[in-house]
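Taking it in order: structure first as structure tokens, then the write-up.
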Amino acid sequence: MSVDPFSNIRIVLVNTTHPGNIGGTARAMKNMGLKNLYLVEPKEFPSDKAVWRSAGATDVLDNAVVVDTLDEAIAGCGLVVGTSARERRIPWPLLDPRECGESVWQEAGQHQVAVVFGREDRGLTNEELHKCNYHVHIPANPEYSSLNLATAVQVVCYEIRMAYLMAAEGKTLTQHQWDMPPATAESLGAYYTHLEETLVSLGFLDPENPKQTMTRLRRLYNRVRLDQMELNILRGVLTSMQNYIFYTNKKLDQIKPDATDDARTSDA
Ligand code: SAH
């Protein structure tokens, strides 16, 4: 049975002060088809103000999971994205909201995903942000970049919905901005053949008993999504290795007869 990615996505609010923002978040989530709300130590919850601001999305509030720590809220998640209104001292892998929507949607088809939002007055701590795989920043007016909490949730949930709609319409998701075209299937095929030959020449791969090594290497390279330039560099490395092996073998062949002669001589 296939998973419903929406059920694998959690929105996590950390230490929310104003219950109205919890209600606004529930509304934003339900509008975009999301349902799992986690609240880490909210100041006031349950709350009539939250119900009022949710404008009917009370099912999201009723099902909200209240926990004591961020660790509990993100337990079991394969992808955790933290949101931040400003640049932090230690740079972290960054996604824009669109990339965030795409990654969240894609990965939610495989495992649990969390998007974490911070306190109204001071956002998330560095320690909390370092628990996240990626950070996302909504590129607002740099002179006034901090959105209302529920509004920030709305933007991120909207991008998740857009990614869902794109996938549902069978449209390919936008490729990440990159300076090189991706390696083509043919060039990758040629690379794997070259790699296999080199690994055999090195004595690393036994052609009689190759096991799953090449499959695993393919999967490794697939995960990286090589571009054409990177592939050319790797082909160059393989060619240098093969040249090295060739000349080393040739030298050994030249040395061997002498060495044998020497050995014979000394034996004699
Ligand atoms: N003064 C705080 C802002 C907190 S706003 C600070 O400087 O960090 C409350 C939360 O809304 C943030 O923790 C974040 O989760 C979200 N948020 C607000 N503006 C955002 C933006 N431009 N990009 C990403 N998240 C944002």
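The values are calculated or read from the model by the stated rules, or taken from the named source; none is laboratory data. In this text the structure is predicted, and so the values were computed from the model without any measurement. Quick reminder, even Gly has a Cβ in these numbers, built from the backbone with ideal geometry, and neighbours come from all protein chains shown. To get the accessible areas, we keep the full protein, side chains included, count just its heavy atoms, and leave off ligands, DNA and RNA. Shrake-Rupley method; radii C 1.70, N 1.55, O 1.52, S 1.80 Å.
Would you work out if the range 5-168 is rounded, prolate or oblate? Take a ≥ b ≥ c from the square roots of the eigenvalues of the alpha-carbon gyration tensor; rounded if a/c is under 1.5, else prolate when a/b is larger than b/c, oblate otherwise. Since a/c stays below 1.5, the shape of the range 5-168 is classed as rounded. Please report, as a whole percent, how much of the solvent-accessible surface of the chain comes from carbon and sulfur atoms (probe radius 1.4 Å). For the chain, the apolar C and S fraction of the accessible surface comes to 53 percent. Among 146-154, 43-51, the peptide with the highest mean count of other Cβ atoms within 10 Å heads the list, and the full ranking is 146-154, 43-51.
For Lys49, the aspartates and glutamates whose Cα comes closer than 18 Å to its Cα, not counting residues fewer than 8 places off in the same chain, are Glu41, Asp59, Asp62, Glu120. With the cut-off at 1.5 for a/c, could you classify the range 32-80 from its C-alpha gyration tensor as rounded, prolate or oblate? Oblate is the answer for the range 32-80, as a/c is 1.5 or above yet b/c matches or exceeds a/b.
Under 5 Å between amide hydrogens, built in the peptide plane, is the criterion, and for Leu95 it picks out His135, Val136, His137 among residues at least 5 positions away or on other chains. Per residue, the accessible area of the chain comes to 61 Å², computed with a 1.4 Å probe over protein heavy atoms only.
Taking every alpha-carbon pair under 8 Å whose residues sit at least 6 apart, the range 185-255 reaches a relative contact order of 46 percent. What shape does the range 185-255 take by its C-alpha gyration tensor, where a ≥ b ≥ c are the square roots of the eigenvalues and a/c under 1.5 counts as rounded, a/b above b/c as prolate, and the rest as oblate? In terms of gyration-tensor shape, oblate. Taking the chain as a Gaussian network of alpha-carbon nodes connected by springs under 10 Å, the highest mean-square fluctuation of the residues Glu127, Glu169, Glu197 belongs to Glu197.
Helices assigned as whole DSSP H runs in the chain whose Cα atoms extend at least 20 Å along their own long axis and whose mean Kyte-Doolittle hydropathy is 0.0 or higher are found at 149-168.
Using a simple spin-label model with pseudo-atoms 7 Å out from Cα toward Cβ, Asp227 and Ala168 lie 3.4 nm apart.
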